[in-house]
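Note sheet for the following structure.
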Amino acid sequence: MLSKPLTVGIIGGIGPEAANRLAQLIVEMANAQTDREHVPVICFNNPNIPSRVDSISGKGENCLPALVETARSLVRAGANFLIMPCNCAHYYLRALRDEISVPVLNMIHQTVDQIVEDYPGTRSVGLLASSPTLDNELYSRPLSEWGVESLRPAEIEQALVMSAIYGPDGIKAGKKEVARQDLIAVGNALAKSGADVVIAACTEISLVLEADTLFVPVVDPLRVIAQSAIDCSRHGLSRSQSGRFVHSLRRSTAAGV
């Protein structure tokens, strides 16, 4: 246990509700008995960060400069390390780390590692995610390093997922019930196709699905990174978590998200 806990910085606004949920999870999961036992957190909910989907596809403004400036603002405010509650934005993680003077944790790799630890023998993992996360194999590559197959929705089902996240009746628009039902349907279809576990691989999806919502367990990356942030704040960062070294000593090769 460190004599003084490290301060967590949350790169928020991608989206704002997910960042607020992550901050709340850090409070709920800290197992604190008094105010002073909680983890220090700074959250910058910057809604001016351009769309990650449009940025990655090349159809919109590059979001990396805004991610970098948001991260630097958190560092100037006193954050000792950063977390980013957006799976899709991890497309830019390596480039972001190159521009920042403090570590940025990898939510995707830590989620994959958690699945391997909590669900030994898992052969297939279903992915409920935005299309850029799937197309750029942000989860598929680290899963494959463990010999785990990743399953993505069929094309028509993926259209439902994107609508549930970004549509006029979707989660980002503050309308969750129809989106939740569509995501349950797609998630259960992945389970029927052989997924042993399903990842809520978009932090908007984390807002509407619980661990026991589907036929198989749902893993929430927000919960994984919240616990990791608590542990790092209290005990310090390992070499792998710092992002400056091999991402996981348990992997045969370093991953390249």
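The values are calculated or read from the model by the stated rules, or taken from the named source; none is laboratory data. Since we're looking at a predicted model, the values are computed, not measured. SASA here: full protein model, heavy atoms, side chains in, ligands and nucleic acids out. Shrake-Rupley method; radii C 1.70, N 1.55, O 1.52, S 1.80 Å.
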Exercise for the section: Using only the alpha-carbon atoms of the chain, report the extent along each of the three principal axes, biggest first, to the nearest angstrom. Expected result: 50, 40, 37
Fill in the blank from the handout: quick shape note, region 100-183: Cα extents on principal axes in Å, largest first -> 37, 36, 23
Problem - Percent accessible area from carbon and sulfur atoms, region 21-122, protein chains only, probe 1.4 Å - result: 45 percent
Problem - Bins of 5 Å, starting at 0 and running to the largest distance - Cα pair percent for region 98-251 - result: 2, 9, 18, 21, 19, 14, 9, 6, 1, 0
Problem - Per residue accessible area of the chain, 1.4 Å probe, in Å² - result: 45 Å²
Practice task
Enumerate the whole-percent occupancy of each 5 Å bin, from 0 to the last occupied one, for all C-alpha pair distances of region 108-147.
Solution key: 5, 24, 35, 24, 9, 3
Completion exercise
extent check for region 1-93: Cα max minus min per principal axis, descending, whole Å, gives 48, 23, 19
Completion exercise
Descending accessible area (1.4 Å probe), largest on the left, turns M84, M162 into M162, M84
Handout entry: When region 136-191 is reduced to its Cα atoms, the Kirkwood hydrodynamic radius in Å
Key = 12.2 Å
